[in-house]
Amino acid sequence: MKNTRIPDETIRRLPLYLRGLQFFADQELTNVSSEKLADFLHISAALIRKDFCYFGDFGTRGVGYDVQTLVKQIREILKLSTPRKAILVGAGNLGRALLAYPGFAAYGFEIVAAYDSDPEKIGTKINQTLILDIKTLSKLKRDGIGLAIIAVPAEVAQSVADLIIKSGIRGILNFAPTYLSVPKRVKVISIDIAIELGRLPYYLESE
């Protein structure tokens, strides 16, 4: 890898490229050009080539990219070669949907436990995942789990994040519609569905 700071936008697109390449691998395609990958993902081929240039020379002119090799390289860049365990905090409607989502496995993630404060949910299972009492989060330190998903209301999200961080978590995927204040050692990626939906009308044709 080149000794260059990689833009966050490039890192954000790498899982998208991985998904496209995995599709071509499933189709038993050996090589793929940046143009073919771009057509599939509906983005610019020049942008794909620019993103890949940060990491070295992946392709061969006139041949394209070796699909299996590039899948392996991107997984290594994203540190997905080793399976990762994650927890979910918040077993409400969104949490239940996330526990039912099958796409995490494609990137090597497994949600091994879910936490909630509702006594009626604690001790039950959702898609074979046991719902635990959030008061027991401190036990995570001995389990070696480094990732968490927050799916709780905005008003309790910061206190949940504080508990998670004290438990040794260093990576948080936040679905709560609020900003989280965390130490520099902790990486938070927030997904606010309402904000994303709020951008969509801009791209629609005027009626």
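For the subset of the range 190-207 comprising residues that are of a type in the set (S, T, Y) and either outside any helix (DSSP H, G or I) or in contact with a helix residue (DSSP H, G or I) (Cβ under 9 Å, 6 or more places away or on another chain) (or both), which member is farthest from Y115 (Cα to Cα)? Top of the filtered list is S206.
In the condition set (1) buried (at least 19 other Cβ atoms within 10 Å of the Cβ); (2) in the same structural domain as R170 (by TED's automatic domain parsing); (3) among the charged types (D, E, K, R), D51 is compliant with all but (2). For the range 81-116, the candidate set comprises residues that are of a type outside the set (A, V, I, L, M, F, W, C) and part of a helix (DSSP H, G or I); within that set, the residue that is surrounded by the most Cβ atoms within 10 Å (Cβ to Cβ) is G95.
Scanning the range 117-137 for residues that are part of a strand (DSSP E or B) and in contact with a Leu (Cβ under 8 Å, 6 or more places away or on another chain) yields I126, T129. Comparison of A97, A106 shows that the only residue that is over 30 Å from E35 (Cα atoms) and within 20 Å of the chain's Cα centre (by Cα) is A97.
Based on what the data block shows, is I150 buried (at least 18 other Cβ atoms within 10 Å of the Cβ), closer than 18 Å to L94 by Cβ and in contact with a Phe, Trp or Tyr (Cβ under 7 Å, 6 or more places away or on another chain)?
When the stated conditions are applied, I150 passes them.
Taking the criterion of being part of a helix (DSSP H, G or I), in contact (Cβ under 8 Å) with a residue 24 or more places away in the chain and aliphatic (A, V, I, L, M), the residues of the range 162-189 that qualify are L163, I164. Checking each residue in the range 153-174 for being closer than 20 Å to R96 by Cα and surrounded by fewer than 22 Cβ atoms within 10 Å (Cβ to Cβ) picks out P153, A154, E155, V156, L173.
Taking the stated definitions as given, is I74 in a strand (DSSP E or B) and crowded, with 19+ Cβ neighbours inside 10 Å?
When the stated conditions are applied, I74 does not pass them.
The values are calculated or read from the model by the stated rules, or taken from the named source; none is laboratory data. In this text, all values refer to a predicted model and were calculated from it rather than measured experimentally. Virtual Cβ from ideal backbone geometry, glycine too; neighbours counted across all protein chains shown.
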